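See structure below.
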Amino acid sequence: MSAQAAFRTPCSEEFPLAEGGVLVVDGLSLDVRVSSRRKRLGLTVERDGSLTLRAPQKCAVQRAEDFVRGSRRWIDSKLWLSEERRQLHPVRLLHDGEIHRYLGRDYRLLLVDEPGETGGEGAPDGSASPVRLVAGRLRLSRSVAADHRQAQRALAAWYSRVGLRWVQGRLQPWAARMDVPEPVVEVRDLGHRWGTYRTGTGGSGRIALHWAVFQLPMHLVHYVIAHELAHTRVAGHGPEYWRLLGRALPECRQLKAELDELGRRAWMGEVARR
């Protein structure tokens, strides 16, 4: 979910770009992603301000450099906008009463003395978990909260578990609505991305969602799901992609703007040292 552009630029096979490489053009450093599904070059300004160049297979380095130079005005404008919308992610202090969000609702943190408890929205097998959502309070083991790294891992793991459980019951209806194959889904840390789609065997592919997306209101989580599902048909973010997404979600442009605004205020895992 980043600023993207795609332009019809032909590619030749002389000195092709390498997947996972870095292309440096006039002081700009771009991570290179090569895909057999792409037919044209594309640029992405990620939420952290880094640049990604997406290219078809066997696209020549010289052609890619010319493309980047020709897109410099667009890149500069998006980098300026990225700075203007600089992230405002909070740092968690983990004190009693601190507000944590799940699916758009606020829950106050309650530190408890038990090292791990069962029941509630905790571990899927009912085993002891240091994080549980019980009776409107997010309960966190006090001993875990005392270690900022352990606390971050425990909270991220909790969001991953409950988020995966939530999304598994909602993916199939969206896939049917968009007339696309239902992919495998996972929830994990994706850095500065809300979601990704990877092509798989049999045409189904795999969607990954960031655990932090489950802090957002449900309608924005649905938008992220639909956004990634659309990539099962279209690789980039060109007009064809937005037409496909717009048929399933007519308000997709407004939802993207709302995600950009709310998303920069979401907690991404930083916990203050004690």
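Remarks
- Ordering G49, L255, A151 by the projection of their Cα atoms onto the charge dipole of the chain, which places +1 on the Cβ of Lys and Arg and -1 on the Cβ of Asp and Glu, puts L255 at the extreme positive end.
- Note on the chain: dipole from Cβ charges, positive end direction compared against H95, P217, Q172; the farthest Cα belongs to Q172.
- Cross-link partners of K58 among lysines (Cα-Cα below 20 Å; sequence separation of 8 or more within a chain): K39
- Computed [θ] at 222 nm, deg cm²/dmol, the chain (DSSP H ≥ 4; -39,500 (n - 2.57); rounded to nearest 500): -10000 deg cm²/dmol
- Taking every C-alpha pair closer than 8 Å and separated by at least 6 residues, the mean separation divided by the residue count of the chain gives a relative contact order of 17 percent.
- Of the residues P130, Q62, W80, the one whose Cα sits farthest toward the positive end of the charge dipole of the chain, with +1 on the Cβ of Lys and Arg and -1 on the Cβ of Asp and Glu, is Q62.
- The order of the peptides 184-195, 250-261 by mean Cβ neighbours within 10 Å, most packed first, is 184-195, 250-261.
- Rounded to two decimals, the Cα-based Rg/Rh of the chain, with Kirkwood Rh, is 1.01.
- Sequence-distant residues sharing a close amide H with C59 (under 5 Å, placed H): L17
- In terms of packing, defined here as the mean over residues of other Cβ atoms within 10 angstrom, the peptides 226-239, 146-159, 89-102 line up highest first as 226-239, 146-159, 89-102.
- Span from the the range 237-252 Cα centroid across to the the range 31-103 one, whole angstrom: 20
- Dipole magnitude (debye, nearest 20) for the chain, charges at Cβ of Lys, Arg, Asp, Glu: 420
- 25 °C / 0.890 mPa s Stokes-Einstein diffusion coefficient of the range 18-70, Kirkwood radius on C-alpha pairs, µm²/s: 222
- Across the range 191-196, coupling constants 3J(HN,Hα) worked out from phi with the 6.51/-1.76/1.60 Karplus curve, θ = phi - 60°, read x, 9, 10, 7, x, 9 Hz, and Gly and Pro carry x.
Each value in this text was obtained by applying a stated rule to the coordinates, not by laboratory testing. Being a predicted model, the structure only gives us computed values, none of them experimental. When we count neighbours, we look across all protein chains shown, and the Cβ atoms used for this are built from the backbone with ideal geometry, even at glycine.
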